[in-house]
Every structure is written in structure tokens, then in C-alpha cells.
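Notes follow the structure.
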Amino acid sequence: MAHLPAIFLLQKSPAIPLLSFCSPLFPSLPSSSTSSSSPLHTLSTYRIGNVRLGAFRAKIAAGSGSVAPTLPELSGGLKDIYKCCSIWRWKGYSVNFFVKGTGPPLLLVHGFGASIAHWRRNIGVLSENYTVYAIDLLGFGSSDKPLGFSYTMEVWSQLILDFLSEIIKKPTVLIGNSVGSLTCVIAASATQGMVRGIVLLNCAGGMNNKAIVDDWRIRLILPLFWLIDLLLKQRSIASAIFENVKKRENLKNILLSVYGNKESVDEDLIAIIKNPADDVGALDAFISIVTGPPGPNPVSLMPKVTVPVLLLWGDKDPFTPIDGPVGKYFSSLPSQLSNVNLYLLEGVGHCPHDDRPDLVHEKLLPWLAALPAL
């Protein structure tokens, strides 16, 4: 299974973890009112909890410095991440991104409901030898969430391709989690020149549950999915469900059920997920993503990817289990494609990079070092 957000919406107990958060769960911020002909905004605005913050940033194109405000009480790691973000203008929308370090470029792509800060336990290690970029996909984190927008996998993959060509401008390794992994696969299958390799952490099979129909667990509850889609299109019902799901205790229980290492579920993680859910447009993004088309199937995409591929898979993932159709497909690839390597991570859930970053780095860093030089 990919992620199963629809089921959890109607269940009160976290005992059956069916809402993908490794995606932790929710979207973005209103865009700055500052206009500019540059693709980068001079002023980007952030919300941490209920506090709105203005982060004045000189345009990167001008080579100037930046001035950031004092952030509310958060861990030092999160403060550093929020301070280092900038805004890129893409097709009229504001897209939040982060950059740190020097060396060959990496681009980190979060999953459903997450944001740049979900890479909090990886950025420091990776930026020692690489230029680390991370992005909030449209509809998530501090990127715009336009009202009435139709979110698709194709939109996100095009955003990634344009970011590579307009901002990074070098062949880049894409590293994604869950739906972010699938976004990387779509981008890599569309262009080989700007993608140096891809790392997939528990890759999703689609934007939502409709992508998986050949698993008995899905077929059994498929009528319920159809019912939930219908209910979510009634805005008053969707709003009530959304408000319940984003309650702090509900979020914490969901996260505890999908993380193998329970100690990784801390206050910062809950804040990373919960805070953007209060933004205007968060509900619209949630409805569109859960009820929209699943997007391209990885089975048709992976044979088109010729660059090196590293698969890291938590073996305790309840959303894309290794014995489900998506997990089985990806686990079969090393015997079929010479460019693919797979490692199972013992006792790890759907978000390996945040759940057990030490195990991820143990496999990721040697793989990155062994890539052909640029």
C-alpha cells in the first residue's frame, strides 16, 4: 500500500495506523505580498505556531546577506532550518526552499503532509560534504496553498524539474520519502541530464490509495474509500474530519504508530506537522490530494530511470509494507535492473530518515561517495 489517509480519517483509535505522515501531514503559508521580477522574494513570511514572522532576505541573485528575526522557542536545529529558507517564484506561486553546505548538490523532497523541517536529522550530516537543497512542495510547509488548486503528481514533478534547471543548475541527486520519492521517480524518468541519481525512502505507489487495487487489503475496503471521497467533497464534513485529525494528541498517536523508534516522535516533530495545518488553504490541499488522481504508476516509470538508484525501506512500515504490492515490486528491482540497490532497515517505519537517521546515513553516505564524479 502507498499511504492510506482515508481510513484513518474515520477511525478514532490509532491502533490501525492508516494515515501517511511521513509525510507528516499538512501544507503551507500565504505568500508574501512583496513582488519582484526576480524568481526569489526579498521578503518571505513564516508562521511557527500562531506567531507570524517576517524574514527579510536579500535576493540571492544580488549576492547579499539576509536578516532573520528571533524565532519562538524551538530546538536549535529547527531554528537554523527556518532561518536558512528563501522563496522561489514558480508559475506565480511562492515556493519555500532551503540550502546549506558546499559540494555536489542534493535535493531533499518530503512526503505527504511534511515539509523541509522533516529532514532536520539529515541536513547537518549531509551538508558536511554536499550542497543540500530541500523544498516545500506546493501545498505543503511554507509554500503556497492556492485555494481550489488541483494537486497532482505531475505538478510536483514539474516543480522539481524547474527547480533543478532554474535554481540548482547542476546534475543533482534527488532524495525523497513516500510521495516525495514518487515525485523523484517521475522527474528522473522524464530527464536524465539533470538527475545524477535518486534515493527512495519507502516510496509511495501513488498520491493516494487509488493507485493500489491489486492488494486484497485494498480491495476489501475499496467501497469505504469511495464513500470517504464522497464525504470529503462535502466541505463541512471534510472540515470537521480535518480539525479532528490535526489535534495534537491525534497527531502524536498516529506518529507513534508509524515510527519504529518512538523516541523520534518529539515535540518538534509534532510542531512540524501541526503548525502549517492552520494555514489558509490547508484544508483545500488535504481534500484535493486525498480525493484526486493517484498519478503515474512506478511500475511503468522505473524502467525509464537509468541513473543509480538506492532504495532504503523500513521493514515496519504500515503504509507501504515490504510485503505489499508496492514493496514487493521495489524489492524485486535489484534482480532486474543493474542500477538499483536495496537495503531493508530493521525496526524502522515509514519515515526512515527521521525515524532512524543513523541507519539511513550508514547506507546513504557510502552510496553517495561512490557515485561517478561530476
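Being crowded, with 22+ Cβ neighbours inside 10 Å, out of contact with any Asp or Glu (no Cβ under 8 Å at 6 or more places or on another chain) and either charged (D, E, K, R) or outside any helix (DSSP H, G or I) (or both) is the filter here; which residues of region 134-159 pass it?
A134, I135, D136, L137, G139, F140, G141, D144, Y151, listed by residue number.
If you go through region 304-324, how many residues are surrounded by fewer than 20 Cβ atoms within 10 Å (Cβ to Cβ) and closer than 18 Å to M153 by Cβ?
Result for region 304-324: 1.
Answer yes or no as to whether F286 is buried (at least 17 other Cβ atoms within 10 Å of the Cβ) and touching a Ser or Thr at 6+ places or on another chain (Cβ under 6 Å).
So F286 fails the test.
In region 336-352, is there at least one residue being assigned to a helix (DSSP H, G or I) and either open to solvent by less than 10 Å² (accessible area, probe 1.4 Å) or more than 19 Å from I175 (Cα to Cα) (or both)?
Applying the first criterion (assigned to a helix (DSSP H, G or I)) to region 336-352 yields 352.
Okay, now just the ones that are also either open to solvent by less than 10 Å² (accessible area, probe 1.4 Å) or more than 19 Å from I175 (Cα to Cα) (or both), so 352.
Scanning region 336-352, I find at least one residue that is assigned to a helix (DSSP H, G or I) and either open to solvent by less than 10 Å² (accessible area, probe 1.4 Å) or more than 19 Å from I175 (Cα to Cα) (or both), so the answer is yes.
Please go through region 116-132 and give me each residue that is open to solvent by 10 Å² or more (accessible area, probe 1.4 Å) and within 13 Å of the chain's Cα centre (by Cα), ordered by number.
The answer is R120, and nothing else.
May I ask you to list pairs of residues, at least six apart or on different chains, whose Cβ atoms are under 6 Å apart, with the first in region 238-260 being at pLDDT 95 or above and the second being open to solvent by 60 Å² or more (accessible area, probe 1.4 Å) and assigned to a loop (DSSP other than H, G, I, E, B)?
G260/K316
If you take the residues in region 244-276 that are farther than 20 Å from L359 by Cα and of a type in the set (D, E), which one is surrounded by the fewest Cβ atoms within 10 Å (Cβ to Cβ)?
Restricting to residues being farther than 20 Å from L359 by Cα and of a type in the set (D, E), the top hit is E249.
In this structure, is G295 over 26 Å from T172 (Cβ atoms) and not in a helix (DSSP H, G or I)?
no
Looking only at region 50-104, which residues are open to solvent by 40 Å² or more (accessible area, probe 1.4 Å), at pLDDT 50 or above, assigned to a strand (DSSP E or B) and under 25 Å from I270 (Cβ atoms)?
K100
Can you tell me which residue within region 160-203, out of those that are more than 19 Å from the chain's Cα centre (by Cα) and of a type in the set (D, E, K, R), is surrounded by the most Cβ atoms within 10 Å (Cβ to Cβ)?
Taking the candidates together, the pick is R196.
Could you tell me which numbered condition V280 fails, if it satisfies all but one of (1) over 22 Å from A187 (Cβ atoms); (2) at pLDDT below 95; (3) surrounded by 20 or more Cβ atoms within 10 Å (Cβ to Cβ)?
(3)
The values are calculated or read from the model by the stated rules, or taken from the named source; none is laboratory data. Note that this is a predicted model, so its numbers are computed, not measured. Here Cβ is always computed from backbone atoms with ideal geometry, including for glycine, and neighbour counts include all displayed protein chains. Side chains are part of the model used for accessible areas, which takes the heavy atoms of the whole protein and leaves out ligands, DNA and RNA. Shrake-Rupley method; radii C 1.70, N 1.55, O 1.52, S 1.80 Å.
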